[in-house]
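Each remark here refers to the structure printed beneath this line.
The values are calculated or read from the model by the stated rules, or taken from the named source; none is laboratory data. Note that the structure is predicted; figures quoted are calculated from it, not measured. Counting neighbours? That spans all protein chains shown, and the Cβs are built from the backbone with ideal geometry, glycine included. Please note that ligands, DNA and RNA were not included when accessible areas were found on the heavy atoms of the full protein model with its side chains. Shrake-Rupley method; radii C 1.70, N 1.55, O 1.52, S 1.80 Å.
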Amino acid sequence: MKIVHICLGCFYIDNYSYQENMIPKFHKKMGYEVEIIASTLSFNRSGESCYVDAGVYTNEYGIKVTRLPYTKKLPSKVGVFFRIYDGVYEALCASAPDILFIHGCQFWDIKCIVKYAKSHKVKIFVDNHADFSNSATNWLSKNILHKMVWRHCAHEVMPYTEKFYGVLPARVDFLKDIYKLPAEKCELLVMGADDDLVERATNPAVRTSIREKYNIQEDDFLIVTGGKIDRWKMQTLLLMDAVKNIQNPHVKLIVFGSVTQDLKDRVLSHVDGEKVQYIGWIQSSDSYKYFAAADLVCFPGRHSVFWEQVAGQGIPMLVKDWPGTHHVDLGGNVLFLTEGTVDEIKSIIQKLLSNPKEYEQMWKASKEKAAKVFSYANIAKCAIKTK
């Protein structure tokens, strides 16, 4: 049986740990024949968006990837904005899927999916990565692009779709409230962690090597944070300040990720080389090692896929309280920041240090509950379940 993953609603990035990478990987491990049809939108080595060449190749998991060019029949800006491609229907016919998993329904050429579904026996599943934190942030985007254009695309494919998945509770609500999809067709399908990389990172030697590399002692309380630092995630600077203001010399912080040019000097000004270290951008797969070296992982800004990854690694977290993101808390593995100020971050960290039983309970909930739920091996199975 063949599963084809459609990544035309946004980017597809090789060698990353996004859902678009992980579910195909674990579908192949389950024994399915797997292909990916994707746009040319990707990331460069610095974690910035870029475009790659159209064409066919085999990715790092031995999965065939077909990158389709944006249409040449329209002005290039129109094709890119509305996500219109050349060769979608032909690529579908060539791949002959039994199951289609569509990562994001926000592309005009979903009409080609509908055309294929009308004449072929195929099961379709669609996920959604849009909510009000990253989409529909102004009147035109909300009322024209999402409530008209992308809602139309969602309703075009709806009759042929088994399930629409939101990858956050807020994104399930977005499907129902903005696209007006029937509630019975909408469910939560969480993002998660790569089971293979989790297993490798749990090797005690990994924790030791990371700590030795950055002069972190075994009795130090290491906090790790990661991800792109830009004007939407400047709260990382507050975390850096909070750690510097904690008088305990054993509390340390490692920050990794790309930084936009306009913030680079500000980030570096918060580094002291001892309590707070910024190590720059790292490979997505290496993030598992750095999180595994942590005693606590903190994300004081907007949600990122790292939240579910860390939950899947079974590590306690301190995160910002965003509506529709409490799914990462499975009974005490997560503490939430309500204000996200320097004082609040500092206070919670100090409270954990002075309450070892509470901290121990966070580890227990992380290992016994969260790690199982946020496993991509399990998520991949759930993604194609039918009643």
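For the stretch 50-158, GluC sites (Glu not before Pro) meeting the loop criterion (DSSP other than H, G, I, E, B) and having at most 14 other Cβ atoms within 10 Å: E60.
Computed from Cα atoms, the angle from the helix 342-354 axis to the main principal axis of the chain rounds to 70 degrees. Over the chain, dividing the summed -39,500 (n - 2.57) contributions of all DSSP H runs of at least 4 residues by the number of residues returns a 222 nm mean residue ellipticity of -9500 deg cm²/dmol.
Across the stretch 78-157, C-alpha contacts under 8 Å between residues 6 or more apart give a mean separation that, scaled by the residue count, equals a relative contact order of 35 percent. Taking a ≥ b ≥ c as the square roots of the Cα gyration tensor eigenvalues, the chain comes out prolate, since a/c reaches at least 1.5 and a/b is larger than b/c.
Other residues whose C-beta falls under 15 angstrom from the C-beta of T260 contribute a net charge of +2, scoring Lys and Arg +1 and Asp and Glu -1. Taking every alpha-carbon pair under 8 Å whose residues sit at least 6 apart, the chain reaches a relative contact order of 14 percent. Karplus-derived 3J(HN,Hα) values for the stretch 170-177, using 6.51 cos²θ - 1.76 cosθ + 1.60 with θ = phi - 60°, are 5, 8, 5, 4, 4, 4, 7, 8 Hz; glycine and proline are entered as x.
For the pair the stretch 101-163 / the stretch 354-375, the C-alpha centres are spaced 37 Å from each other.
Of the residues V271, I216, G226, the one whose Cα sits farthest towards the positive end of the charge dipole of the stretch 193-272 is V271 (charges of +1 on Lys and Arg Cβ, -1 on Asp and Glu Cβ, taken about the Cα centre).
Projected onto the charge dipole of the chain (+1 at Lys/Arg Cβ, -1 at Asp/Glu Cβ, origin at the Cα centre), which of V334, H103, V243 gives the Cα projection farthest towards the positive end? Among V334, H103, V243, the one farthest towards the positive end of the dipole of the chain is H103.
Placing +1 on the Cβ of every Lys and Arg and -1 on the Cβ of every Asp and Glu, with nothing else charged, gives the stretch 300-349 a dipole about its Cα centre of roughly 120 debye.
How much length would be gained if the chain were fully extended between K364 and K73, taking 0.36 nm per residue of separation minus their Cα-Cα distance, in nm to one decimal?
Once the chain is fully extended between K364 and K73, it gains 99.1 nm.
Nonpolar atom fraction for the chain, defined as the carbon and sulfur part of the 1.4 Å probe accessible area, stands at 53 percent.
A simple charge model with +1 on the Cβ of Lys and Arg, -1 on the Cβ of Asp and Glu and nothing else charged puts the dipole of the chain at about 1160 debye relative to its Cα centre. Put a dot 7 Å past the Cα of E199, heading toward its Cβ, do the same for K111, and the two dots end up 4.6 nm apart. Taking Cα pairs under 8 Å and at least six residues apart, what relative contact order does the stretch 183-313 come out at, in percent? So the answer I get is 38 percent.
Counting only heavy atoms of the protein chains, get the accessible area per residue of the stretch 255-347 (1.4 Å probe) and round it to a whole Å² value.
Numbers: 3320 Å² over 93 residues.
On a per-residue basis, 36 Å².
Taking a Cβ cut-off of under 9 Å around V206, the surrounding Lys, Arg, Asp and Glu residues balance to a net charge of +3, with basic ones at +1 and acidic ones at -1. Net charge near L68, counting Lys/Arg +1 and Asp/Glu -1 over other residues with Cβ under 12 Å of its Cβ? Net charge around L68: -1. Here the stretch 52-170 is treated as an ellipsoid with the same Cα gyration tensor; its semi-axes, largest first and in whole Å, are 24, 19, 15.
What the Cα atoms of the stretch 190-341 give is an Rg and a Dmax of 14.5, 39 Å. Excluding ligands, DNA and RNA, the accessible surface per residue across the stretch 73-231 is 46 Å² with a 1.4 Å probe.
Overall form of the stretch 282-341: prolate. Here a/c, set by the Cα gyration tensor axes a ≥ b ≥ c, is 1.5 or more, and a/b is the larger of a/b and b/c. A straight line joining the Cα centroids of the stretch 168-209 and the stretch 282-324 runs 12 Å. For the stretch 226-300, how big is the tail of P(r) above 16 Å, as a whole percent of Cα pairs? Beyond 16 Å sits 47 percent of the P(r) for the stretch 226-300. Report, in debye and to the nearest 20, how large the dipole of the stretch 276-387 comes out about its Cα centre when Lys and Arg carry +1 and Asp and Glu carry -1 on their Cβ. Using Cβ point charges on Lys, Arg, Asp and Glu, the stretch 276-387 gives about 540 debye. Which Cα, out of L92, F256, S76, lies furthest along the positive dipole direction of the chain (beta carbon charges, K/R +1, D/E -1)? Positive-end residue among those listed: L92. Given axes a ≥ b ≥ c from the Cα gyration tensor, I'd like to know whether the stretch 273-387 is rounded (a/c under 1.5), prolate (a/b larger than b/c) or oblate. Prolate, because a/c is 1.5 or more and a/b exceeds b/c.
For the pair D14 and S269 in one chain, pulling the backbone fully straight at 0.36 nm per residue adds 88.5 nm over the alpha carbon distance.
Highest mean packing comes first when the peptides 304-311, 127-134 are listed by Cβ atoms within 10 Å, giving 304-311, 127-134.
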